[in-house]
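K.L.:
This is the structure I have questions about; it appears just below.
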Amino acid sequence: MKVTALIILGCLVWEGTAKPGFPEQEKDPEFWKEWAQRTLKNALTLQDLNKNVAKNIILFLGDGMGIPTVTAARILKGQLNGQNGEETQLEMDKFPYVALSKTYNTNAQVPDSAGTATAYLCGVKANEGTVGVNAAAVKSQCNTTRGNEVTSILKWAKDAGKSVGIVTTTRVNHATPSAAYAHCVERDWYSDGEMPDEALQSGCKDIARQLFENIPDIDVIMGGGRKYMYPRNTPDVEYPGDKKHNGTRKDGRNLVKEWTDRMKDKRGSYVWNRKDLVSLNPNNVDYLLGLFEPGDLPYELERNKETDPSLTEMVDVAIKILKKNERGFYLLVEGGRIDHGHHDGKAKLALHEAVEMDRAITRAGLLTSIYDTLSVVTADHSHVFSFGGYTHRGNSIFGLAPTMSDIDQKPFTSILYGNGPGFKLVNGARENVSAVDYTSHSLAFLVCLITIPQHRSKQLPGTSCCSLEIGDSWR
Ligand SMILES: *[C@@H]1O[C@H](CO)[C@@H](O)[C@H](O)[C@H]1NC(C)=O
Ligand SMILES: *[C@@H]1O[C@H](CO)[C@@H](O)[C@H](O)[C@H]1NC(C)=O
Ligand SMILES: *[C@@H]1O[C@H](CO)[C@@H](O)[C@H](O)[C@H]1NC(C)=O
């Protein structure tokens, strides 16, 4: 059974190439009527509900992947295939069921990835910035942890004898994955090196440590975050000359070595680069720890394809290992850097992350069966990301709108952010973007250009303009 949290389009794959414009057949009303019939017939088959009990569950979480992001990613996927884009189907569009959810945190209207992860993994809404604790726990206050721990579906699955896994493009101890195994009042306590002495003295544990201590032997762990596992001053294996990637631990522990020692007789493998990952034989590996970067993995668009695996490659290996368990498995897959691209106002990076997560969903579908596997695709929160401006069919999703702004008679990109770092004044006026390379990976898209009154934009040059929340830190 497959469930996605978003809207489903019809089911037609169209093979047109003309751009701009649209396929000739769309001028024929019969085309649309046949499409509607196919969609309706398909919907009627859903009345034969798949009532099998799921043995396996895969949860795909697109961090920050709100509905406008899904729509834009759909168009991008089609455009990467040489099509107009709008008619494309994402893998998640093919899922038969859709739902919407309300994602607020107990103390926040706009939630963060920590409080939301606690909600969808542990079933309990929680405060912003906290993971695996209920709303009686107060952010950053160590002494509110004890007694307020809540457990996750990953633990419930492990307790039921299933294999369990976590795959993310962020640090493995980042907000989303950490709610699956940690109980921490502060999402930023990645290792004890990030914790205040007071919290350490009061007995609170850092998240990296909890990854290995709370749930014994999580079967598959893949993502970034290597530096949080090693003692301070330990140079990183991949970047030994770069001091900012040194280990961060104050307690002197080497969590990777502790793990590999414990796994000696258990067919466990530790890998830190793509080559070692793809050369593993999943039949010979029962436990896998893959830490591919000191911090987060690179964006898909900037990935070194020799040294870092894609999300799809990680998901492929994870499922092959986990599905060996006859009792089934639970796998959490996070497209974690959709969110980071959006925080930076870099829509191109964000949308390529979303398309890559969709590829991973396709791969997972090929490795599992709808008769025993429940797949869910959802997001934890949205972003102030939008696109508009009456763009024509097949317009580059990163392109300009076809008309000028009513306010200043200058062109504008279809994609806009409501806040964040993209706002820029040139000689006291909005930049003329017609000469800007909007295909660049790192262009920060414009912010709120239609709605900013001139006097306000002058008050806040180069920063945020429409909202108090500035999207400049990766949450
Ligand atoms: C808990 O710790 C906070 C500081 O983080 C302190 O202000 C408070 O008094 C402590 N509460 C108790 C009950 O010890
Ligand atoms: C990083 O590790 C190296 C090698 O141990 C050491 O010389 C250097 O001082 C460390 N730098 C920082 C910032 O910890
Ligand atoms: C914007 O720049 C283009 C050329 O790059 C120019 O043709 C156009 O007149 C400019 N518009 C304004 C309003 O300055």
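The values are calculated or read from the model by the stated rules, or taken from the named source; none is laboratory data. Computed from a prediction, not measured in an experiment: that's the story for all the values here. A quick note on method: Cβ atoms are made from the backbone with ideal geometry, for glycine too, and the neighbour counts reach across all protein chains shown. Accessible surface areas use protein heavy atoms only, side chains included; no ligands, DNA or RNA. Shrake-Rupley method; radii C 1.70, N 1.55, O 1.52, S 1.80 Å.
K.L.:
Pairs to check: K162/K275; K158/K266; K51/K125. Give those whose C-alpha atoms are more than 26 Å from each other in this structure.
P.N.:
Working: K162/K275 28 Å; K158/K266 17 Å; K51/K125 28 Å.
Result: K162/K275; K51/K125 exceed 26 Å.
K.L.:
Here is a further query. For region 327-336, what does the Karplus curve 6.51 cos²θ - 1.76 cosθ + 1.60, with θ = phi - 60°, yield as ³J(HN,Hα) per residue in whole Hz, taken in order and with x for Gly and Pro?
P.N.:
7, x, 8, 10, 10, 9, 10, 10, x, x
K.L.:
Starting from the Cα of R393, step 7 Å along the direction of its Cβ; do the same at V237; then give the gap between the two resulting points in nm.
P.N.:
With each label placed 7 Å out from Cα toward Cβ, I get 5.2 nm.
K.L.:
Distance in nm between label sites at L367 and K27, each 7 Å beyond Cα in the beta-carbon direction?
P.N.:
4.7
K.L.:
Here's something else I'd like to know. Kindly report the accessible area of region 205-296 per residue (heavy atoms of protein chains, probe 1.4 Å, no ligands, DNA or RNA), in Å². The partial results should precede the final answer.
P.N.:
Details: 4070 Å² over 92 residues.
Result: 44 Å² per residue.
K.L.:
When the helix-only estimate is applied to the chain (DSSP H runs of n ≥ 4, each -39,500 (n - 2.57), divided by the residue count), what is the mean residue ellipticity at 222 nm, nearest 500 deg cm²/dmol? If you can, show how the numbers build up before the last one.
P.N.:
Values: 13 runs with 122 residues, N = 475.
Calculated at 222 nm, the ellipticity per residue is -7500 deg cm²/dmol.
K.L.:
How large is log10 I(q)/I(0) at q = 0.08, 0.12 Å⁻¹ when the Debye formula is applied to the Cα atoms of the chain, each weighted equally and without solvent?
P.N.:
Log-scaled intensity ratios, in q order: -0.51, -1.11.
K.L.:
Turning to a different aspect of this structure: Quick one: which of 358-366, 278-286, 249-257, 221-229 comes out on top by average Cβ neighbours within 10 Å, and what's the full order, highest first? If you can, show how the numbers build up before the last one.
P.N.:
Details: 358-366: 19.3, 278-286: 13.2, 249-257: 16.6, 221-229: 26.1.
Result, highest mean first: 221-229, 358-366, 249-257, 278-286.
K.L.:
Express in nm, to one decimal, how much length is gained between N254 and N325 on full extension, taking 0.36 nm for each residue of separation and deducting their alpha carbon distance. Can you show the working numbers first?
P.N.:
Numbers: separation 71, 0.36 × 71 = 25.56 nm, distance 2.94 nm.
Answer, rounded to one decimal: 22.6 nm.
K.L.:
Sort 143-153, 166-176, 105-115, 123-133 for me by packing, meaning the mean count of neighbouring Cβ atoms within 10 Å per residue, highest on top.
P.N.:
Values: 143-153: 17.5, 166-176: 28.5, 105-115: 20.4, 123-133: 24.1.
Ranking, from highest mean packing down: 166-176, 123-133, 105-115, 143-153.
K.L.:
Here is a further query. Using every pair of alpha-carbon atoms in region 119-237, split the distances into 5 Å bins beginning at 0 and state the percent of pairs per bin, rounded to integers.
P.N.:
With 5 Å bins starting at 0, P(r) equals 2, 12, 22, 24, 20, 13, 5, 1, 0.
K.L.:
Compute the Kirkwood hydrodynamic radius of region 28-73, taking the inverse of the mean of 1/r over all pairs of distinct Cα atoms, and give it in Å to one decimal.
P.N.:
For region 28-73, inverting the mean 1/r across all distinct Cα pairs yields 14.4 Å.
K.L.:
Applying a 10 Å radius around every beta-carbon, put 386-395, 400-409 in order of their mean neighbour count, most first.
P.N.:
Values: 386-395: 17.0, 400-409: 13.3.
Most protected by this proxy first, the peptides run 386-395, 400-409.
K.L.:
Note the full-extension length gain between N283 and Q47 as 0.36 nm times their separation in residues minus their Cα-Cα distance, in nm to one decimal. Show your work: numbers first, answer last.
P.N.:
Details: separation 236, 0.36 × 236 = 84.96 nm, distance 3.83 nm.
Result: 81.1 nm gained on full extension.
K.L.:
What's the FRET efficiency of D197 with K244 using the Cβ-Cβ distance as r and R₀ = 22 Å, to the nearest 0.05? Working shown, then result.
P.N.:
On the way: r = 23 Å, r/R0 = 1.04.
Approximately 0.45, to the nearest 0.05.
K.L.:
How much of the accessible area of the chain, probe 1.4 Å, is carbon plus sulfur, in whole percent? Can you show the working numbers first?
P.N.:
Details: 11220 of 20860 Å².
Looking at the chain in its full context, I get 54 percent from C and S.
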